[in-house]
Amino acid sequence: EGNRLVLTCPAGGSWPLQYRWTLNNTNITDWTPQYRLSVPSLQRADAGLYQCMVRNRMGAVIHRRTEVHVACKYMNINFTFGEQRKTATQGRAVIISPPPLDSFPQPLVTWYKDGHKIIPNNRLAITLDNQLVVLVTTAADAGRYHVEAVNEMTGEIVTSPAVYLSILATKEKHFCFFYCVQPCILQKLFPN
């Protein structure tokens with residue numbers, strides 16, 4: 001965003017040539033002798049498929065489309081909720097969602113717990129939606145979680161507010177009963 005975009009439409013033919021530009025099949029210029037399209041300060045709304053049409057007194061030709069992507073100068077992360085608190089029952093799964101991320105391209109997201117990067121394993125997984133899933137919670141999973149989002153195109157790094165996870169001990173009690181049986185000698189009820 002904010003950079004200048006210049007597209008050119010090379011064409012040959014009998015003069016005078018006139019040019020018209022479209023964005024996503026909507027005319028954005030009238031017919032003009034200008035073969036360049038200049039956007040002085042790109043915005044996200046300027047992203048899309050650009051196409052040039054050229055005409056002269058013999059007819060009109062449509063050139064192939066050019067796709068323009070606009071990288072965000074900033075990532076829009078919804079911080080309206082601020083820090084959050086979440087509680088999970090020990091032994092159960094819990095899902096922690098990041099705040100909504102609005103960025104082009106999609107940012108790279110890394111999860112952290114108590115300042116340490118989380119590496120997915122057989123208990124911890126990160127979904128395609130960047131949710132953190134703890135499959136079987138333990139008391140050690142309690143702590144401060146946050147995400148770091150990086151827009152690779154602009155290099156911007158944004159850190160989310162924290163999610164504090166508390167783990168409740170299981171209220172169910174499991175009892176194991178052991179029966180001890182002493183060995184005994186069975187006497188024959190009938191003598192020989």
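What follows draws every value from the coordinates through simple rules; no lab data is involved. On a predicted model such as this, the values are computed, not experimentally measured, just so you know. Methodologically, a virtual Cβ is constructed for each residue, glycine included, from the backbone with ideal geometry; neighbour enumeration extends over all protein chains shown.
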Original post:
Hey, got a sec? Which trypsin sites (Lys or Arg not before Pro) in region 18-68 land in a DSSP loop and have at most 11 other Cβ atoms within 10 Å?
Top reply: R57, R64
**OP:** Sort region 106-152 into rounded, prolate or oblate with this rule: let a ≥ b ≥ c be the square roots of the eigenvalues of the Cα gyration tensor; rounded if a/c is under 1.5, and if a/c is not under 1.5, prolate when a/b is larger than b/c, oblate otherwise.
**Re:** oblate
Original post:
Under a point spin-label approximation (7 Å from Cα along Cα-to-Cβ), what is the V61-T127 distance to one decimal in nm?
Top reply: 5.1 nm
**OP:** Express in nm, to one decimal, how much length is gained between Q106 and L7 on full extension, taking 0.36 nm for each residue of separation and deducting their alpha carbon distance.
**Re:** 33.1 nm
**OP:** Give me the net charge of Y164's neighbourhood, meaning all other residues with Cβ under 9 Å from the Cβ of Y164; Lys, Arg count +1, Asp, Glu -1.
**Re:** +2
**OP:** Only residues of region 97-123 count here: report those whose backbone N is under 12 Å from the spot 7 Å along Cα→Cβ of T138, or say none.
**Re:** 122-123
Original post:
Based on the alpha-carbon gyration tensor of region 5-68 and its eigenvalue square roots a ≥ b ≥ c, which shape applies: rounded if a/c is under 1.5, prolate if not and a/b is larger than b/c, or oblate?
Top reply: prolate
**OP:** Kindly identify region 76-168 as rounded, prolate or oblate by the Cα gyration tensor criterion: order the square roots of the eigenvalues as a ≥ b ≥ c, call it rounded if a/c is under 1.5, otherwise compare a/b with b/c, prolate if a/b is larger, else oblate.
**Re:** prolate
Subject >> Gain upon complete extension [A93, H116; 0.36 nm per residue less C-alpha separation] >> reply: 6.2 nm
